[in-house]
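Chemist: Take a look at the following structure, please.
The values are calculated or read from the model by the stated rules, or taken from the named source; none is laboratory data. Bear in mind the structure is a predicted one, so any value in this text is a computation, not a measurement. With ideal geometry, Cβ positions are generated from the backbone for all residues, glycine too; neighbour counts draw on all protein chains shown. Keep in mind that these areas ignore ligands, DNA and RNA; they rest on the heavy atoms of the full protein, side chains included. Shrake-Rupley method; radii C 1.70, N 1.55, O 1.52, S 1.80 Å.
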Amino acid sequence: MLLAPATRLLAIALLASALGCAPCPAGQAECGNSCVDVQTSQTNCGACGKACGPVQHCEAGACVDGCATGKTQCGNACADLNFDTQNCGSCGNACPATQYCANALCHSRSGSCPYLFLQQGSEYRYHTDLSGSPLAYGLNFFRPGYYGTNIYELGSWSDDHGVYRMKLRELIFEASYFDEAALVIADVPEGYQIFNEWSSTSQIDRAPSLRFFTVKDPRPPRTAISQRGENVVEQISRADGVPSPVGPDEIPQVVLDFGPLEHPERARLVITAWGVYSDFRKGQKPPFSAGTTIEIPDGKGGWREKLVSGKTASDARTWIIDLAGVLESHDSRMRLTLSHMPSAIDVLDSVLIDDSQQVGFQLTRLEPRRADLAFRGASQVQAGTLEHRLTAQDVTRPVDFPDAFVGGHYTRYGDVLPLLALADDRFVLMAQGDELSMEFDAPPQDPGTTRRVFMLADVFYTFKYHPYGILTDKLEPLPYHGMPSYPYPEKLYPYRFDRSYAKYREEWNTREIRLPPPAENY
């Protein structure tokens, strides 16, 4: 692979230094193993090792009082208000730990890929993010062998004159590997709703379930007592973005009583929650949980574990937890504990129960009729917190923050429809600023039915930053289904000698993103 020009110059300089040559161009000095412009260097001003003060700048090889052009004095230091995370837009305006500063605004640099915008009338509105299969470079508590197809609930989204239109935008510090995409249209009798059981289960060593369930008039609990001892029924009776309160040092847990159930054998929960990703190591203490736990009374004044199911993955999800065989009587009391770990806490928005008889429904799979990849740019994203879910705007901002990218060879822009037909490890590779727009033909709807839309997607993502720090800045190695870990041993890569796969990479992955070398004082 050819090196970027700046990288190539640096390599030549280091080699020349090792050979005892004078590698630096005129006007620069060799300071350590680097060539430095001593006329402007803040740490080597006029000579190697001569640093200017915190409220000075280097001008013509001399330290001059005051901040350089483009910087502002904030206390006893100079700050670039466009990019300083501690002084973003104004002195003292610090971005949260999971965000960065660009163009004087705080943006999320963690989350899940990509962000889904649905056409609604004349505009596109953010709905959710497509998470589920994080590569998490070098973190061995993820289980890539359980990754696969995920299903995302899109609500009662309506088509526009017979066409569903969506946009998937990569807006945070990561890269996406999109392998398959389809819509699933679910039509049920009027008076019923339908939801899916999919949730993130890889960290509890389980492949996710993709079953659908109908529900009729699900009801909230009579009482819901949080770990704080507060009745939070009002907060969790509807999916409205107002969650049950939980702090960074608390367990997201609630004791529920739905009253007597007529049919406990067919009971199911309809749960809505979102995940918050940050460094909670100072607050969260073991035992941790990577799943959602259901406990029932043990008859001795305590609780007995009956079920551990999946968790939400990043932004708000609504899914079913099947309680068949869990409740042993008409007593509906249970203790619900959401996933909580040192780097992520799930937050409960709502929980309802239903024990109605299942009814017939019709599922229709729609393949995209159009799929185009293009550059769109950055946007404004507000990361989810313990108080509110993630929000994103369908606006366009420049991508001028180098740290936003993961380096590697990405999919060429244009028609990418052939890559989304099958889950075959032939990915649409998306970088920061990319947008994948898709269209689907809507099927006719029978009278007397209610329609809900789901998205079936097989997508990996590698996030550059974990709440604890940087993981990787490289797109490769490309993942594959059934990996035991990521990165995986090279000898296990199933396409090492596959000429057709090599042809896919040569034909499609022709857009190279090269990361610049770290800039001095960046």
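Chemist: Determine if segment 338-354 includes at least one residue that is farther than 22 Å from residue 113 by Cα, out of contact with any Leu (no Cβ under 8 Å at 6 or more places or on another chain), touching a residue at least 24 places away in the same chain (Cβ under 8 Å) and open to solvent by 10 Å² or more (accessible area, probe 1.4 Å).
Modeler: No, that holds for no residue.
Chemist: Would you confirm whether any residue within segment 204-224 is out of contact with any Asp or Glu (no Cβ under 7 Å at 6 or more places or on another chain) and over 25 Å from residue 454 (Cα atoms)?
Modeler: Within segment 204-224, one or more residues are out of contact with any Asp or Glu (no Cβ under 7 Å at 6 or more places or on another chain) and over 25 Å from residue 454 (Cα atoms).
Chemist: Just one of the numbered conditions (1) touching a Leu at 6+ places or on another chain (Cβ under 7 Å); (2) of a type outside the set (Phe, Trp, Tyr); (3) closer than 26 Å to residue 377 by Cβ; (4) crowded, with 20+ Cβ neighbours inside 10 Å is not true of residue 125; which one?
Modeler: Here residue 125 clears every test but (4).
Chemist: Sticking with this structure for a sec: If a residue must be assigned to a strand (DSSP E or B), more than 30 Å from residue 513 (Cβ to Cβ) and not hydroxyl-bearing (Ser, Thr, Tyr), how many such residues does segment 351-380 contain?
Modeler: Here the count works out to 8.
Chemist: Go through 475, 471, 436, 422 for me and flag whichever is closer than 27 Å to residue 169 by Cβ, surrounded by fewer than 15 Cβ atoms within 10 Å (Cβ to Cβ) and of a type outside the set (Lys, Arg).
Modeler: None of the other options fit; the residue is 422.
Chemist: Which residue, of 190, 180, is more than 19 Å from residue 478 (Cβ to Cβ), at pLDDT 95 or above and among the acidic types (Asp, Glu)?
Modeler: 190
Chemist: Follow-up. Please go through segment 8-24 and pick out each residue that is within 30 Å of residue 54 (Cβ to Cβ) and at pLDDT below 80.
Modeler: 10, 13
Chemist: I'm told residue 177 meets every condition in (1) outside any strand (DSSP E or B); (2) within 22 Å of the chain's Cα centre (by Cα); (3) of a type outside the set (Lys, Arg) except one. Can you identify the failing condition by its number?
Modeler: (1)
Chemist: Still on this structure, please answer the following. When you go through (1) open to solvent by 10 Å² or more (accessible area, probe 1.4 Å); (2) within 15 Å of residue 113 (Cβ to Cβ); (3) touching a Lys or Arg at 6+ places or on another chain (Cβ under 7 Å) one by one for residue 405, which number turns out not to apply?
Modeler: For residue 405, the exception is condition (3).
Chemist: Next question, about the same structure. Would you check if residue 132 is surrounded by 23 or more Cβ atoms within 10 Å (Cβ to Cβ) and modelled with pLDDT under 90?
Modeler: Criteria met by residue 132.
Chemist: Pick from segment 247-267 the residues that are under 25 Å from residue 355 (Cα atoms) and of a type in the set (Gly, Ala, Ser): which of them is surrounded by the fewest Cβ atoms within 10 Å (Cβ to Cβ)?
Modeler: 259
Chemist: Looking only at residues that are aliphatic (A, V, I, L, M) and either over 25 Å from residue 192 (Cα atoms) or in contact with a Leu (Cβ under 8 Å, 6 or more places away or on another chain) (or both) in segment 216-241, which one is surrounded by the most Cβ atoms within 10 Å (Cβ to Cβ)?
Modeler: Per the criteria, the residue is 236.
Chemist: Checking the conditions here, which among 257, 217, 205 is out of contact with any strand residue (DSSP E or B) (no Cβ under 8 Å at 6 or more places or on another chain) and over 30 Å from residue 439 (Cα atoms)?
Modeler: Answer to the check: 205.
Chemist: Also, quick follow-up: Among all residue pairs at least 6 apart or on different chains, which show Cβ distances below 6 Å where the first residue, located in segment 268-287, is open to solvent by less than 20 Å² (accessible area, probe 1.4 Å) and the second is acidic (Asp, Glu)?
Modeler: Matching pairs, first to second residue: 268/322; 268/354; 272/349; 273/346; 273/349; 274/315; 275/346; 283/249.
Chemist: Further question on the same structure: Between a residue in segment 153-164 that is open to solvent by 30 Å² or more (accessible area, probe 1.4 Å) and any residue that is among the basic types (Lys, Arg), which pairs come within a Cβ distance under 9 Å, given they are 6 or more apart or on different chains?
Modeler: Every condition considered, the pairs that remain are 153/317; 153/452; 156/451; 156/452; 158/451; 159/165.
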